[in-house]
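One structure is given below, encoded as C-alpha cells.
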Amino acid sequence: MKLLASLLLVVLLHAPTPALPTRYKLYVFEGSDWCTNCKRLDKNVLTQPTFQDFLLSQQIELVMVDFPQRKKLSKEQREINAKIAEKFAFEGVYPTLVLEKIEGLAYTRLAYQNESVGEFTQMLQNTLTQLK
C-alpha cells in the first residue's frame with residue numbers, strides 16, 4: 001500500500017499541468033531565414049522564459065506565420081500562412097505582430113522595434129488591457 005501511495009505521489013508531481021484555455025492569439029509574421037529584425041525578436045523576446053511564462057499566464061497562444069526565402073514550407077503550410085495573412089490584411093512588413101482576442105473577434109497590430117523582453121511584455125500587457 002505504501003508503494004502504491006508513493007507511486008501515485010510521483011505520478012501526480014510529474015503530471016503535466018493542464019493548459020488554460022486560449023483567450024488570445026499572438027500571430028508573428030516573420031521571415032525566419034532572412035529577416036534580421038525577426039531573428040532579433042525571436043532571440044530577444046519570443047524564446048525568453050519570462051515571455052513564455054507571460055504568454056501562459058495571460059492565456060495567449062503564439063502562432064508563427066513564416067514566409068522564409070530559402071527554407072521550404074509544405075504546400076499546406078503555405079496555404080495556411082496565406083489565409084492568416086489575408087485575414088489580417090498583412091502588408092509584408094516584417095516582423096508584424098497581431099494580437100487577436102478569441103471571443104469578440106477584436107484584434108490589434110503591434111510593432112517590434114528592438115525592445116527588450118521586459119519592454120515588449122509591458123507593451124503587450126498594455127495592449128491586452130485595451131482589448132478587454
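The values are calculated or read from the model by the stated rules, or taken from the named source; none is laboratory data. Bear in mind that the values here come from a model prediction, so they are computed numbers and not experimental data. FYI the Cβ positions are ideal-geometry reconstructions off the backbone, even for glycines, and counts take in every protein chain you see.
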Seminar exercise, completed: Screening 89, 85 for residues that are in a loop (DSSP other than H, G, I, E, B), within 16 Å of residue 110 (Cα to Cα) and without any contact (Cβ under 8 Å) to a residue 60 or more places away in the chain leaves only 89
Exercise. Over 17 Å from residue 34 (Cα atoms) and of a type in the set (S, T, N, Q) - does that describe any residue in region 89-108?
Worked result: yes
Exercise. Has region 32-43 got any residue that is modelled with pLDDT of 95 or more, among the aliphatic types (A, V, I, L, M) and part of a strand (DSSP E or B)?
Worked result: no
For this session: Please find, within region 93-132, the residue that is modelled with the lowest pLDDT out of those that are among the charged types (D, E, K, R) and farther than 16 Å from residue 48 by Cα.
Result: 132
For this session: Find the residue count for region 92-125, including only residues that are assigned to a strand (DSSP E or B) and more than 18 Å from residue 24 (Cβ to Cβ).
Result: 0
Problem set entry | Pick from region 63-105, criterion surrounded by 13 or more Cβ atoms within 10 Å (Cβ to Cβ), more than 17 Å from the chain's Cα centre (by Cα) and among the aliphatic types (A, V, I, L, M), ranking: nearest to residue 129 (Cα to Cα) | 82
